[in-house]
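The values are calculated or read from the model by the stated rules, or taken from the named source; none is laboratory data. Please read all numbers here as calculations on a predicted model, not as lab measurements. Please note: Cβ atoms are built from the backbone with ideal geometry, for glycine as well, and neighbour counts cover all protein chains shown.
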Amino acid sequence: MTNVDRHELRELSIGTFIYSSLFLTEGIGLTLLKRWTEFLTIVSTTGLIPFEMRVVYNHPTFARAFLLLVNVGVVAYLIYEVRRLTETKKPNLYRSGLRFVRGRQRSNLGFPATLGNPVRRRICRLAQ
């Protein structure tokens, strides 16, 4: 790291800023239960695989190859889950943060999901 000139340091700084911005956006979107964040997670996880493949090719070890396979497995699982959730066609329940418990509709916070509940309406507005 001591042989890094100003130009390389600037490039690394810009790359680090973009990478951290991506993860900040991803974290906020996952916290707010946004559907597009699932796709962003798949893209950001898949984007690292070519770099990992290059490292495994240039400096092969069992641990690096194993971690590459784990990362490919995680991406495959993420794609499977997004496709499974897309096929269930319940986007309104996903967006509003609702879930069904023993046949009754309830919010994720545990209180009944009634239309007259002002706390639920406010939380659903924030989540959309």
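Determine, yes or no, whether Thr31 is among the polar types (S, T, N, Q), under 20 Å from Leu85 (Cβ atoms), exposed (fewer than 12 other Cβ atoms within 10 Å of the Cβ) and out of contact with any Ser or Thr (no Cβ under 6 Å at 6 or more places or on another chain). Full working, then the answer.
Working: among the polar types (S, T, N, Q): yes; under 20 Å from Leu85 (Cβ atoms): yes; exposed (fewer than 12 other Cβ atoms within 10 Å of the Cβ): yes; out of contact with any Ser or Thr (no Cβ under 6 Å at 6 or more places or on another chain): yes.
So Thr31 passes the test.
Any residue at all in segment 46-62 that is modelled with pLDDT under 90, surrounded by 14 or more Cβ atoms within 10 Å (Cβ to Cβ) and among the small types (Gly, Ala, Ser)? Talk me through it step by step, then tell me what you get.
Taking segment 46-62 first, the residues modelled with pLDDT under 90 are 47-48.
This time we only want the ones that are surrounded by 14 or more Cβ atoms within 10 Å (Cβ to Cβ), so: none.
No, segment 46-62 contains no residue that is modelled with pLDDT under 90, surrounded by 14 or more Cβ atoms within 10 Å (Cβ to Cβ) and among the small types (Gly, Ala, Ser).
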